[in-house]
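Only one structure is covered here, and it is reproduced in the block below.
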Amino acid sequence: MRWTGFYLFTTREVPKDAEVVSHRLMIRAGMTRRVAAGIYNYLPLGWRSLAKLMTIVRRELEVAGCVELSMPAVQPAELWRESGRWSRYGKELLRIRDRHERDFCFGPTHEEVITDQVRHDVKSYRQLPLNLYQIQTKFRDEIRPRFGLMRGREFLMKDAYSFHADVASLDETYEVMGQAYERIFEACQLDFIRVEADSGAIGGSHSHEFMVVAGTGESVVVRCGSCDYAANQERAEAVLSPPRDAESAERPEPEALEDVDTPNQKTVEDVATFLDVSPSQIVKTLIYETDKGLVAVAVRGDREINDVKLGNFLDVEWLEMAGEARVREATGAPVGFAGPVGLGEDIRLIGDYSVRQSVNFVCGANRADGHNRGVNWGRDATPESWVDLLLVEDGDPCPRCGKRLQLSRGIEVGHIFQLGTKYSEPMKCVFSDKEGNSHAMPMGCYGLGIGRTIAAAIEQNHDDKGIIWPLPLAPFEVLVAPLQVDDPEVASTAERIYRELLEKGVDALYDDRDERPGVKFKDADLIGFPLRVVVGSKSLAQGHVEVSMRRGGERQSVAVERAVVHILDLLTVG
Ligand SMILES: [Zn+2]
């Protein structure tokens with residue numbers, strides 16, 4: 001491809017809303033352009049990277065026994081009413097109406113459509129298992145679309161759905177798909193981790209996420225340095241060593257419950273200092289408002305609650321920390337003085353495991369400027385359940401091996417789920433078994449963000465000059481850049497190298513623009529071609545061209561006749 005014949009315009013102008021580096025670099029490199037908030041043109045350069053990723057994805061899914069099809073972007077409301085999601089799915093579902101006043105939506109996901117298709121064709125266990133996928137455009141009406149392709153409203157996604165006659169078969173396919181995902185991200189040469197994940201709104205029993213490791217990632221990942229335990233922080237299990245009191249063979253005698261004045265001592269640190277106890281001896285009581293009413297959660301004073309775990313345990317649609325007025329109403333005290341002792345009947349009390357062993361502890365007294373000390377579970381207050389609700393922190397013990405956990409950041413690029421019969425049951429996607437009995441099909445679903453993976457690749461691989469593509473995702477592998485296009489010797493040498501590379505099947509771009517060398521170098525760094533061949537009149541007079549690598553910046557002077565072989569060697573090494 002010749003630059004002047006290709007649609008490729010780099011720019012210095014970056015929109016104000018481009019907050020993340022991948023968004024800025026994709027716009028500057030001329031890979032994408034914003035059409036509306038969260039909606040982008042994939043320009044030819046960007047499309048080449050996306051296409052390369054799609055080729056890798058298709059190749060590995062085929063190996064995994066997945067079959068490609070394509071489903072419509074616009075979906076009828078009836079199917080969504082059958083699954084119950086028409087009313088449950090929030091405003092992210094773009095609902096539209098046609099000229100006959102019929103309701104449709106622009107699909108954010110395709111469980112309903114695929115389940116409708118499969119129930120029509122598949123009737124017997126003999127036709128199962130099945131695993132179908134598509135790479136297609138989705139729409140989610142995000143309230144604040146930001147971060148370019150990382151979180152657009154319209155986006156390209158690979159989504160696969162599997163159907164089974166039993167859970168064992170689902171388990172098997174789930175594992176096969178997990179391995180396919182690992183091969184895909186390995187083939188992209190990305191540093192990634194597979195983590196246990198929360199199933200979230202799609203629901204189901206079992207789920208894993210694939211995270212591209214990047215300091216700029218939105219997700220926090222918990223990893224064990226000693227074993228292979230890894231989980232999204234939203235879901236990571238907490239194992240806290242019990243407080244010192246509980247470790248000793250003899251539990252201390254329960255002290256008398258005391259009500260002490262703690263004027264203006266609102267934070268855990270304030271109270272700890274004021275009463276001369278450690279923050280871990282304080283039981284913090286957090287009041288949450290949910291769609292099922294008020295909930296108080298008791299947790300160790302120096303730790304935080306994981307809202308996702310809490311929401312899952314309570315099985316609520318939403319929850320948030322109660323505001324000042326609600327806290328006052330519920331506890332009779334301002335924020336900072338809530339406690340489990342004598343809480344009202346209309347508020348549920350849940351205890352986090354971190355305080356289950358606590359004895360003679362300190363907590364709020366449900367009155368302004370007052371705390372209780374010498375509090376003991378059972379005698380003074382009793383949570384209705386003990387649950388792990390803790391937000392895991394750096395250095396906490398691993399739930400598998402007990403060694404230290406580390407936190408790191410990642411970008412979620414893939415998510416696989418076991419859905420069970422969440423869709424097949426309400427939508428009556430059933431099959432007959434050997435005995436002729438009818439069952440709903442257990443299902444799995446497997447998503448992979450195409451644009452998001454490209455953006456994540458850039459987040460992980462860039463410097464202040466621009467993108468440093470992993471070779472498999474680079475829009476072009478090699479840039480051939482003659483420095484003086486009007487010098488016939490330079491032009492013909494560059495042209496010859498370019499043609500030979502094409503003949504060898506190398507993906508090369510020929511920078512035939514009549515631009516200053518500085519402009520060509522800047523653009524080359526910005527776009528991030530893994531290899532660059534520079535043909536300049538000075539070195540050509542010595543019979544040399546310059547070959548350089550974007551990653552590491554290594555440059556070599558190579559004899560003209562060796563140039564192509566040298567590049568081919570570098571490309572095979574990767
Ligand atoms: Zn471990």
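Here are a few things to note about the model shown:
- Three-way shape label, region 476-573, alpha-carbon gyration tensor, a/c 1.5: rounded
- Lys, Arg +1 and Asp, Glu -1 on Cβ, resulting dipole of region 476-573 about Cα centre, debye, nearest 20: 320
- By the helix-only formula, in which each DSSP H run with n ≥ 4 contributes -39500 (n - 2.57) and the sum is divided by residues, the chain has a 222 nm mean residue ellipticity of -8000 deg cm²/dmol.
- Bridge type composition, region 447-574 - antiparallel percent by DSSP, nearest 5: 60
- What you get for the chain, charging only the Cβ of Lys and Arg (+1) and of Asp and Glu (-1), is a dipole of about 1800 debye around the Cα centre.
- With contacts taken as Cα pairs under 8 Å and at least 6 residues apart, region 476-573 reaches a relative contact order of 29 percent.
- Shape of region 228-338, Cα gyration tensor, a/c cut at 1.5: oblate
- Net charge over other residues, Cβ less than 14 angstrom from the Cβ of M150 (K, R count +1; D, E count -1): +2
- Three-way shape label, the chain, alpha-carbon gyration tensor, a/c 1.5: prolate
- Sequence-distant lysines (8 or more away, or on other chains) whose Cα lies within less than 17 Å of K284: K266
- For region 82-98 and region 513-543, distance of Cα centres in Å: 52
- Charge context of E68, other residues only, Cβ under 12 angstrom, K/R +1, D/E -1: +1
- Mean-position separation - Cα centroids, region 348-411 and region 246-296, in angstrom: 10
- Amide H within-cut-off set for D512, under 5 Å, with H built and near neighbours excluded: W3, T4
- Among the listed pairs K52/K522; K158/K522; K465/K538; K138/K422; K158/K520, a Cα-Cα separation exceeding 28 Å is found for K158/K522; K158/K520.
Every read-out reported here was derived from the displayed coordinates using simple, explicitly stated rules and does not represent laboratory data. Everything numeric here is computed off the predicted structure, so don't read it as measured data. Here the Cβ is made from the backbone with ideal geometry for all residues, glycine too, and neighbour counts use every protein chain on show.
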